[in-house]
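Colleague: For reference, the structure I am asking about is given below.
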Amino acid sequence: MTTELTAEDINNLNTVSKKLRRYVLKMIHNAKSGHPGGALSAIDILNVLFTKIMTICPDCESDKNYLNRDRFILSKGHASAALYAVMAHCGYFKEEELLTFRKLGSRLQGHPCSNKLKGIEISTGSLGQGLSIGCGMAIGLKLDNINSKVYVFLGDGELEEGSVWEAAMNASHNKLDNLIAFVDRNNLQIDGSTEKVKSVGNVKAKFEAFGWNALEIDGHDFNEIYKAINNAKLSDRPFVIIANTVKGKGVSFMENNANWHGKAPNDDELKLALEELK
Amino acid sequence: MERECKSVRSAYGKTLVELGRKNKNIVVLDADLSCSTQTKLFAKEFPERFFNVGIAEQDLMTTAAGLACTGKIPFVSTFAMFATGRAWEQIRNTICYSNLNVKIAATHAGITVGEDGASHQALEDISLMRSIPNMLIIVPADEKETIEAVKFAASYNGPVYIRIARTNLPDIFDNTYSFNYKKAIKLKDGSDVTLITNGETLVETIDCVKILSENGINSEIIHVPVIKPIDAETIINSVKKTNRVVTIENHSIIGGLGSCVCELLSEIYPAKVTRIGTKDEFGQSGQAKELLDFYGLTAKKLAEKIIGIIK
């Protein structure tokens with residue numbers, strides 16, 4: 001495996017990320033509700049993970065790789081639009097279905113629901129639970145000698161949940177070298193800056209103190225994301241990638257603005273945003 | 001009356017070992033109470049399949065959920081207070097919402113926790129578990145039933161809550177007993193009143209019935225090992241005969257077996273129900289037997305109360 005992306009790879013990833021961002025905005029606009037800010041900050045990492053890193057099984061149980069698939073847990077379940085967008089792009093379901101997001105009877109629930117949508121490993125939405133779930137999956141895979149990785153995607157505000165740190169201890173205690181976590185460090189939560197609401201502080205030092213390997217990267221730089229994950233896969237202990245990101249990334253008026261945590265764009269805002277993402 | 005009592009917790013631990021020998025997918029998790037819950041028996045024989053997450057009940061439940069996602073059958077144990085209270089939301093949003101194959105076998109439920117007092121006496125656990133969709137709830141009454149309930153849980157696909165007593169209990173069922181999660185058990189026919197109970201209060205109810213009989217009250221006993229899904233048919237058929245119901249439980253009368261029976265009857269066959277359990281109050285320290293007496297759950301106290309309301 002090469003650890004560098006080619007110029008062509010990066011070009012393709014750029015094109016796909018723009019498409020995924022357009023999907024996210026259209027879905028949330030159409031649903032008249034949702035969480036654009038944290039979905040847009042997550043997109044580039046999800047794009048690299050699903051299209052360049054993970055063994056995925058869009059056909060689910062009927063896929064020959066199903067048991068050996070890598071596992072992905074969206075612990076910050078409110079970024080569901082980003083996950084659905086990348087799943088549709090990868091062929092888990094038809095892209096037309098994206099516009100059912102948050103509608104009555106849809107498989108695309110406001111927060112991911114594994115009983116409704118195949119390919120979602122486990123339901124999430126209530127913050128602070130994904131990392132422990134990841135520990136359980138990582139232990140289970142080790143018991144069966146399956147070499148897959150477990151990827152857990154956390155928000156930075158989510159780190160205020162104490163249960164995250166119960167899980168962080170669990171992972172290092174059990175030497176879960178098959179567990180890789182991301183922290184989407186966009187520095188914003190609903191009520192404002194993470195450092196003003198309840199200081200999350202030095203995330204890297206905190207995880208290192210809990211026995212993890214940690215690396216801080218630019219969460220919108222495809223090469224950095226790609227290299228960090230390949231680095232993490234070789235770790236002898238649980239690995240966290242602290243991805244410095246921009247909430248609302250890609251849409252000028254949404255960037256770094258906590259007001260876009262959980263608000264849908266209106267018709268004019270959508271038009272403006274889509275213009276920027278051409 | 002004195003009779004041989006057996007540790008149902010020990011029966012739980014031994015059954016886990018037996019299941020573990022037959023099925024390598026059985027895994028066990030505990031939160032620093034493996035001596036009290038008796039999961040230490042499994043830990044000793046299968047250390048590679050036992051996970052002590054430390055004093056971290058939220059991590060306990062969600063780690064079990066992750067294990068279930070990989071095809072394991074996790075049995076999770078700690079005290080009922082912390083299993084259902086501290087980690088309620090993990091059980092609700094992660095285990096039950098995803099309908100995962102996690103078995104929560106909680107010990108030290110009810111007032112009979114004893115000397116540790118109110119902070120450790122879960123009087124709300126059934127109530128908390130009963131309101132979550134997909135959860136199946138078992139409250140076994142003796143050693144044999146505990147063993148069968150645990151074996152059933154391992155074979156059933158979906159979340160299960162098993163409430164295991166701290167106290168040692170006398171045998172009620174013999175080797176012919178077979179567990180059917182869809183059936184309540186009529187242990188005695190009667191015509192004057194239907195007594196509905198489960199768990200530790202079944203033996204008190206059986207003894208109480210003898211006192212009632214001496215006082216001319218012919219009571220029917222319905223044992224409900226599975227509170228959810230409840231066997232409506234057996235209960236309603238009994239009440240159609242007696243038209244008078246008393247529920248008896250080592251739990252708050254809010255949200256437990258008594259509530260469950262009231263909900264059922266009020267919609268299908270309204271009848272007068274008296275709920276005996278702890279009231280809207282916390283417990284306190286004391287010996288298990290003293291506490292049962294104080295809260296009116298011994299055979300003698302039950303009989304006094306029932307005679308008072310029937311006659």
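The values are calculated or read from the model by the stated rules, or taken from the named source; none is laboratory data. Quantities reported herein were computed from a predicted structural model and do not represent experimental measurements. Reconstructed Cβ throughout: ideal geometry from the backbone, glycine too, with neighbour counts over all protein chains shown. Accessible surface areas use protein heavy atoms only, side chains included; no ligands, DNA or RNA. Shrake-Rupley method; radii C 1.70, N 1.55, O 1.52, S 1.80 Å.
Colleague: Just need a number here: residues in region A:112-139 that are surrounded by fewer than 24 Cβ atoms within 10 Å (Cβ to Cβ), at the interface with chain B (Cβ under 7 Å from one of its Cβ atoms) and among the aliphatic types (A, V, I, L, M).
Modeller: Number satisfying all stated conditions: 0.
Colleague: Wholly within region B:248-311, which helices (runs of 4 or more DSSP H) include no fewer than the required count, namely at least 2 residues that are modelled with pLDDT of 95 or more and farther than 27 Å from B:Asp231 by Cβ?
Modeller: Per the criteria, B:288-294, B:299-310.
Colleague: Just name the residue that is farthest from B:Gly114 (Cα to Cα) out of those in region B:272-287 that are touching a Ser or Thr at 6+ places or on another chain (Cβ under 8 Å) and surrounded by 17 or more Cβ atoms within 10 Å (Cβ to Cβ).
Modeller: B:Val273
Colleague: Restricting the search to region A:13-50, which residues are of a type in the set (Ser, Thr, Tyr) and without any contact (Cβ under 8 Å) to a residue 60 or more places away in the chain?
Modeller: Passing the criteria: only A:Thr15.
Colleague: Quick check: is even one residue across region B:198-206 surrounded by 19 or more Cβ atoms within 10 Å (Cβ to Cβ) and of a type in the set (Asp, Glu)?
Modeller: yes
Colleague: Right, next: Taking B:Ala64 and the conditions (1) closer than 24 Å to B:Ile230 by Cα; (2) touching a Pro at 6+ places or on another chain (Cβ under 7 Å), which numbered condition does it fall short on, given that it satisfies the others?
Modeller: (1)
Colleague: Could you check region B:98-119 and list, in sequence order, the residues that are more than 16 Å from the chain's Cα centre (by Cα) and either open to solvent by less than 10 Å² (accessible area, probe 1.4 Å) or more than 14 Å from every other protein chain (Cβ to nearest Cβ) (or both)?
Modeller: B:Ser98, B:Val102, B:Gly114, B:Glu115, B:Asp116, B:Gly117, B:Ala118, B:Ser119 - these are the residues of region B:98-119 that are more than 16 Å from the chain's Cα centre (by Cα) and either open to solvent by less than 10 Å² (accessible area, probe 1.4 Å) or more than 14 Å from every other protein chain (Cβ to nearest Cβ) (or both).
Colleague: Name the residues in region B:39-55 that are outside any helix (DSSP H, G or I) and either among the aromatic types (Phe, Trp, Tyr) or open to solvent by less than 10 Å² (accessible area, probe 1.4 Å) (or both), would you?
Modeller: Result: B:Thr39, B:Phe46, B:Phe50, B:Phe51.
Colleague: Among the residues of region B:61-95 satisfying the criterion of being at the interface with chain A (Cβ under 7 Å from one of its Cβ atoms) and among the charged types (D, E, K, R), which is farthest from A:Asp70 (Cα to Cα)?
Modeller: B:Glu89
Colleague: Would you confirm whether or not region A:185-197 contains a residue that is free of Cβ contacts under 8 Å to residues at least 24 places away in the same chain and either of a type in the set (Phe, Trp, Tyr) or more than 17 Å from A:Ala42 (Cα to Cα) (or both)?
Modeller: yes
Colleague: Scan region A:145-160 residue by residue and report those that are over 11 Å from A:Val200 (Cβ atoms), in contact (Cβ under 8 Å) with a residue 12 or more places away in the chain and assigned to a loop (DSSP other than H, G, I, E, B).
Modeller: A:Ile146, A:Asn147, A:Ser148, A:Lys149, listed by residue number.
Colleague: Looking at (1) surrounded by fewer than 21 Cβ atoms within 10 Å (Cβ to Cβ); (2) under 24 Å from B:Met61 (Cβ atoms), which one does B:Arg163 not meet, given that it meets all the others?
Modeller: Unmet condition: (1).
Colleague: How many residues are part of a loop (DSSP other than H, G, I, E, B) and buried (at least 17 other Cβ atoms within 10 Å of the Cβ) if we restrict to region A:194-237?
Modeller: Result for region A:194-237: 6.
Colleague: Checking B:Asp142 against (1) open to solvent by less than 20 Å² (accessible area, probe 1.4 Å); (2) outside the structural domain of B:Thr107 (by TED's automatic domain parsing); (3) more than 28 Å from B:Ile268 (Cα to Cα), only one condition comes out false. Which one?
Modeller: Going through (1) open to solvent by less than 20 Å² (accessible area, probe 1.4 Å); (2) outside the structural domain of B:Thr107 (by TED's automatic domain parsing); (3) more than 28 Å from B:Ile268 (Cα to Cα) one by one, B:Asp142 breaks only (2).
Colleague: Among the residues of region A:93-105 satisfying the criterion of being surrounded by fewer than 17 Cβ atoms within 10 Å (Cβ to Cβ) and part of a loop (DSSP other than H, G, I, E, B), which is farthest from the other protein chains (Cβ to nearest Cβ)?
Modeller: A:Lys94
Colleague: For region B:62-140, which strands (runs of 3 or more DSSP E) that fit wholly inside it have 2 or more residues that are in contact (Cβ under 8 Å) with a residue 12 or more places away in the chain, over 24 Å from A:Cys113 (Cβ atoms) and of a type outside the set (D, E, K, R)?
Modeller: Filter on region B:62-140 gives B:73-77, B:103-107.
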